[in-house]
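Written below as structure tokens is the structure these notes are about.
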Amino acid sequence: MDFDAYFRSELDLLRDQGNYRTFAELERLRGNFPQARCHTGPAYVTIWCSNDYLGMGQHPKVLEAMHDTLDSTGAGAGGTRNISGTTHAHVELEAELADLHGKADALLFTSGYVSNWAALGTLASRIPGCVVLSDALNHASMIEGIRHSGASKVVWKHNDVADLEQKLAALPPDVPKLIAFESVYSMDGDVAPIAEICDLADRYGAMTYLDEVHGVGLYGPRGGGVAEREGLMDRITVIEGTLGKAFGVMGGYIAASAALCDFVRSFASGFIFTTALPPAVAAGATASIRHLKVCGTERALHQANVAEVRARLDAIGLPHLDNPSHIIPVIVGDAAKCKYISDLLMHDHGIYIQPINYPTVPKGTERLRITPSPVHTPGDIDRLVDALEDLWTQCNLARVDVAAQ
């Protein structure tokens with residue numbers, strides 16, 4: 001077989017379908033984010049699709065903690081967590097995360113993807129006869145973890161508690177059950193009915209596993225996520241989160257009972273056999289969490305900018321999904337046009353928004369996923385809205401009359 005020829009043909013097919021991904025080579029500018037130097041387009045661009053939702057990746061407290069730890073301990077952890085890689089910075093961070101979510105313990109991973117894959121894979125595989133009830137729109141990392149476990153899986157309709165109850169009721173009462181879902185769903189920006197899911201979990205004796213990666217830092221009085229905002233953290237068995245979005249650094253984690261965290265620590269290959277995060281990264285995450293626990297300024301500015309962008313899009317009739325979160329999906333509905341608009345935003349207007357196409361979202365729902373931050377200025381918002389209005393007209397795309405709805 002000519003392997004390279006096969007690879008090229010598959011890549012050509014992606015290009016023909018408008019689904020081939022190209023990456024902008026960016027150099028974020030400390031102190032001036034969301035501006036970035038671009039090495040594959042105009043000299044400078046404004047980023048409108050970052051998951052550094054609060055701009056904490058450039059916060060002085062975070063940078064100071066990372067510099068201090070780098071200078072005092074060096075670059076890397078030096079090994080896996082069980083072989084010399086558990087540093088004081090890792091232990092401090094896990095304690096901070098446990099406190100954030102009101103849990104007895106927390107366990108740190110190298111990414112949010114790995115934490116879902118390892119934790120779900122371990123729990124579902126090692127609890128005898130476990131059945132996982134998975135929301136239909138769960139993240140790929142959750143799906144992969146469940147698949148890797150080999151456990152029985154039941155998929156329930158997205159955010160549909162009636163369907164979830166029907167599927168729970170169909171299982172024998174003595175079967176161990178684990179309900180896996182997210183708080184904020186990253187592509188549509190909708191929010192799970194957490195309280196109702198917890199009610200069902202109590203009624204049917206199920207564990208709950210909540211992915212809060214798009215909620216931590218952003219919601220709740222201390223940034224504990226949607227579950228904290230709604231006073232539900234104590235009802236969740238496992239809260240999973242990331243350090244790479246609102247906290248501005250990198251890494252993933254779970255927070256749960258001491259026994260559950262120790263169980264995952266002892267059996268999860270994704271924890272045991274990988275090098276620990278650099279101590280400086282852990283220290284930066286700890287500084288970010290500590291700041292956001294006591295300071296709501298970034299959250300308030302963030303929500304104000306999200307509301308402003310939504311209102312401005314409504315005023316010009318651009319279709320975006322109505323949701324209660326910070327994620328603004330502007331629906332284009334055509335893969336080629338979505339990429340075309342993204343390209344022109346970059347090259348003609350200095351605005352970077354990555355197109356979101358299949359398989360990340362279903363065909364026909366291609367979109368620009370806009371994520372305002374507290375560090376976007378009124379001028380940034382003006383330029384974004386003006387550019388989108390111009391390109392919407394160029395592409396002859398449909399508009400909506402919000403006032404008539």
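The values are calculated or read from the model by the stated rules, or taken from the named source; none is laboratory data. Given the structure is predicted, the values throughout are model-derived calculations rather than measurements. Ideal geometry is used to build each Cβ from the backbone, glycine not excepted, and the neighbour counts take in all protein chains shown. When the accessible area is computed, the model is the full protein with side chains, heavy atoms only, and any ligands, DNA or RNA have been set aside. Shrake-Rupley method; radii C 1.70, N 1.55, O 1.52, S 1.80 Å.
Relative to one another, the C-alpha centroids of region 115-129 and region 147-205 are positioned 15 Å apart. Of the chymotrypsin sites (Phe, Trp or Tyr not before Pro) in region 266-338, the ones in a loop by DSSP (not H, G, I, E or B) with at most 14 other beta carbons within 10 Å are F273.
At most 12 other C-beta atoms within 10 Å and a DSSP loop state: those are the exposed trypsin sites (Lys or Arg not before Pro) I care about. Give me the longest piece of the chain that has none.
31-398
So which of K61/K293; K61/K245; K153/K245; K337/K363 end up more than 24 Å apart, counting from Cα to Cα? From K61/K293; K61/K245; K153/K245; K337/K363, over 24 Å: K153/K245.
Rg/Rh for region 267-306 stands at 1.24; both radii use Cα atoms, and Rh follows the Kirkwood definition. Counting only DSSP beta bridges whose two residues both lie in the chain, roughly 55 percent are antiparallel. Residues of region 217-239 with amide nitrogen under 17 Å from the 7 Å Cα-to-Cβ point of Q303? Within reach of a label on Q303, which here means backbone N under 17 Å from a point 7 Å along Cα→Cβ, region 217-239 contributes 217-232. Rounded to the nearest 20, the Cβ-based charge dipole of region 335-405 about its Cα centre (Lys and Arg +1, Asp and Glu -1) stands at 380 debye.
Mind jotting down a quarter of the surface of the convex hull over the alpha carbons of region 209-324, in square nanometres, one decimal?
Hull-based average projected area comes out at 9.0 nm².
For the chain, find the longest principal axis of its Cα atoms and tell me its angle to the long axis of helix 194-204, 0 to 90°, nearest 10. So the helix axis and the longest Cα principal axis differ by about 30 degrees. Each residue of region 208-217 is assigned a 3J(HN,Hα), and the resulting list reads 10, 10, 10, 8, 10, 4, 9, x, 5, x Hz, derived from the Karplus form 6.51 cos²θ - 1.76 cosθ + 1.60 (θ = phi - 60°), x at Gly and Pro. Solvent exposure of region 99-212 amounts to 37 Å² per residue of accessible area, where only protein heavy atoms count and the probe is 1.4 Å. Once divided by 2.2 N^0.38 Å, the Cα radius of gyration of region 289-331 becomes 1.41. With the alpha-carbon atoms of region 1-61 aligned to their principal axes, the span from lowest to highest coordinate is 55, 24, 19 Å, starting with the largest.
Rounded to whole numbers, the Karplus 3J(HN,Hα) couplings from phi for region 98-113 are 4, 5, 4, 9, x, 10, 6, 7, 8, 9, 8, 10, 7, 7, x, 4 Hz, using 6.51 cos²θ - 1.76 cosθ + 1.60 with θ = phi - 60°, and x at Gly and Pro. Each listed q (0.24 Å⁻¹) maps to a log10 I(q)/I(0) for region 152-232 from the Debye sum over equal C-alpha point scatterers, namely -1.15. Simple point charges give the picture: +1 on the Cβ of Lys and Arg, -1 on the Cβ of Asp and Glu, and for the chain a dipole about the Cα centre of about 400 debye. Relative to the longest principal axis of the Cα atoms of the chain, helix 335-349 runs at roughly 70 degrees. The I316 and E27 beta-carbon pair, evaluated with R₀ = 25 Å, returns a calculated FRET efficiency of approximately 0.20. Here region 255-405 is treated as a Stokes sphere of Kirkwood radius computed over C-alpha pairs; at 37 °C and 0.692 mPa s its diffusion coefficient rounds to 178 µm²/s. Computed from backbone phi with θ = phi - 60° and the Karplus coefficients 6.51, -1.76 and 1.60, the 3J(HN,Hα) list for region 23-35 is 10, 6, 8, 10, 9, 4, 9, 4, x, 9, 5, x, 7 Hz; x is used for glycine and proline. Toward the positive end of the charge dipole of the chain, about the Cα centre and with charges on Cβ (Lys, Arg +1; Asp, Glu -1), which of L14, Y204, S125 goes farthest? Toward the positive end, the furthest listed residue is S125.
If you bin all the Cα-Cα distances of region 8-156 at 10 Å, starting from zero, the percentages per bin are 9, 20, 30, 28, 13, 1. Rounded to the nearest 10 degrees, the angle from helix 60-73 to the longest Cα principal axis of the chain is 50 degrees. Extending 7 Å from Cα along the Cβ direction at H88 and again at S257 yields two label points whose distance is 3.3 nm. Close amide H pairs (under 5 Å, H built 1.01 Å from N) link D135 with W156, A180, residues at least 5 positions away or on another chain.
Pairs of Cα atoms in region 193-255 fall into 5 Å distance bins, from 0 up to the last occupied one, in shares of 4, 19, 29, 23, 14, 8, 3, 0 percent. Counting 0.36 nm for each residue step from T40 to D174 and taking away their Cα separation leaves a gain of 42.5 nm. Comparing Cα centroids, region 265-343 and region 1-33 end up 22 angstrom apart.
Where does the Debye-calculated log10 I(q)/I(0) of the chain sit at q = 0.06, 0.12, 0.14 Å⁻¹, using only Cα point scatterers of equal weight, no solvent? Debye curve over Cα of the chain, log10 I(q)/I(0) at q = 0.06, 0.12, 0.14 Å⁻¹: -0.25, -1.04, -1.34. Which residues in region 136-161 have a backbone N closer than 11 Å to a point placed 7 Å from the Cα of S269 along the Cα-to-Cβ line? So the set is 148-149. The alpha-carbon of K167 sits under 20 angstrom from the alpha-carbons of these aspartates and glutamates, leaving out residues fewer than 8 places away in its chain: D135, E182, E196, D199, D202.
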